[in-house]
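These notes concern the structure reproduced below.
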Amino acid sequence: MELEAKNLSCGYGVKRVIKNVSFSLKKGEVVGLLGANGSGKTTLIKTILGLLPVLKGEVYLDGKNMGKLSASQIAKIIGYIPQMHNPPFPFQVLDVVLMGRTAHINVFASPSKKDIINAEKALETLNISYLKNRIYTEISGGERQLVLIARALAQEPKILIMDEPTASLDFGNQIKVLNQINLLAKLDIAVLMSCHFPEHAFVYSNQVILLNEGEILQSGKPDDTITSERLKILYDIDVDIISVKNSRQQKVNVCIPSENLVDSNKIIQERKKRNIDTAV
């Protein structure tokens, strides 16, 4: 299964946010979409999902124009995980996951035994079966995000699209979610994931797309594509990229602020000269 965008332009009404973007996503790949707030990541995702109209260009699923596919056909191929989800009612976790079976259930029909088994299997795949009977609104943010991934898995998708899946999560839960995304890729599911952290793209993405002001600045393998110069363009800050080895002696790239980004001692001295209170 392949998702392909060709010369895609999208936005809101006559306002174009994304201009002439082209890329492809193949099974087993994790493609990281990296860019600052307002760069067009969410707009691009919503357009690919069919939630916003295409202003120009095409989106293809295995060579078929998505504009000619029904919502039900698309839902059987693409799963979507939003940044955060707050249901209006206190559903049990299993019921939330069962919502992913909607595309496979006839109108007015109830979930079958097969649907329930499928939902339980999705929870098991992510090692969160213990949440099955818990109330979704009462579990942690990291657990909710894993439940949303389980809900998408219950759709039996071939492609997962995630809009900043680690947003608002603490460090530990970020790693848990990203590790599960890595597992899904090994199951031959294609993943398109927008994110804010270059380190996430370095570690968890096969390919990365740098999106700047609605256009692709550069795309390719993370180690080749993410550079200090390009991060400066994306985020308007000076960043050094250094390589370190983890406990398994694997090379990992990390980003740190350059020395000239913030000189706190200089700021304190200047404040003292101007008799400004430096207490926080």
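Side notes on the structure shown:
- Listed conditions (1) surrounded by 13 or more Cβ atoms within 10 Å (Cβ to Cβ); (2) farther than 26 Å from residue 41 by Cβ; (3) modelled with pLDDT of 90 or more are all met by residue 104, apart from (3).
- Residue within region 113-128 that is farther than 25 Å from residue 73 by Cα, surrounded by 15 or more Cβ atoms within 10 Å (Cβ to Cβ) and touching an Asp or Glu at 6+ places or on another chain (Cβ under 9 Å) present: yes
- Selection of region 171-200 for residues being assigned to a loop (DSSP other than H, G, I, E, B), under 14 Å from the mean Cα position of the chain (by Cα) and not hydrophobic (A, V, I, L, M, F, W, C) yields only 196.
- Filtered by the rule that a residue be small (Gly, Ala, Ser) and touching a Phe, Trp or Tyr at 6+ places or on another chain (Cβ under 8 Å), region 215-258 gives a lone residue, 219.
- The selection criterion, being in the same structural domain as residue 204 (by TED's automatic domain parsing), in contact with a Leu (Cβ under 6 Å, 6 or more places away or on another chain) and modelled with pLDDT of 90 or more, does not hold for residue 231.
- Scanning region 163-171 finds one or more residues that are surrounded by fewer than 22 Cβ atoms within 10 Å (Cβ to Cβ), in contact (Cβ under 8 Å) with a residue 40 or more places away in the chain and closer than 23 Å to residue 23 by Cα.
- Looking across region 51-61, the residues that are more than 10 Å from residue 9 (Cα to Cα) and out of contact with any helix residue (DSSP H, G or I) (no Cβ under 6 Å at 6 or more places or on another chain) come down to 51, 60, 61.
- Boolean, residue 203 is of a type outside the set (S, T, N, Q) and either within 12 Å of the chain's Cα centre (by Cα) or not in a helix (DSSP H, G or I) (or both): no
- Residues in region 88-110 include none that are assigned to a loop (DSSP other than H, G, I, E, B), over 30 Å from residue 133 (Cα atoms), over 18 Å from the mean Cα position of the chain (by Cα) and not small (Gly, Ala, Ser).
- Where strands (runs of 3 or more DSSP E) sit wholly within region 1-85, those with at least 2 residues that are in contact (Cβ under 8 Å) with a residue 12 or more places away in the chain, among the small types (Gly, Ala, Ser) and in the same structural domain as residue 195 (by TED's automatic domain parsing) occupy 2-12, 15-26.
- Being in contact (Cβ under 8 Å) with a residue 12 or more places away in the chain and within 20 Å of residue 102 (Cβ to Cβ) holds for only one residue in 198, 157, and it is 157.
- Residue within region 122-129 that is under 18 Å from residue 170 (Cβ atoms) and out of contact with any Leu (no Cβ under 9 Å at 6 or more places or on another chain) present: no
- Residues located in region 119-152, provided they are outside any helix (DSSP H, G or I) and not aliphatic (A, V, I, L, M): 127, 132, 133, 134, 140
- Selection count where residues are surrounded by 15 or more Cβ atoms within 10 Å (Cβ to Cβ) and touching a residue at least 60 places away in the same chain (Cβ under 8 Å), scope region 172-185: 2
The values are calculated or read from the model by the stated rules, or taken from the named source; none is laboratory data. The shown structure was predicted, so the numbers you read here are calculated from the model rather than taken from an experiment. Note that we place each Cβ from the backbone using ideal geometry, even for glycine, and neighbour counts take in every protein chain shown.
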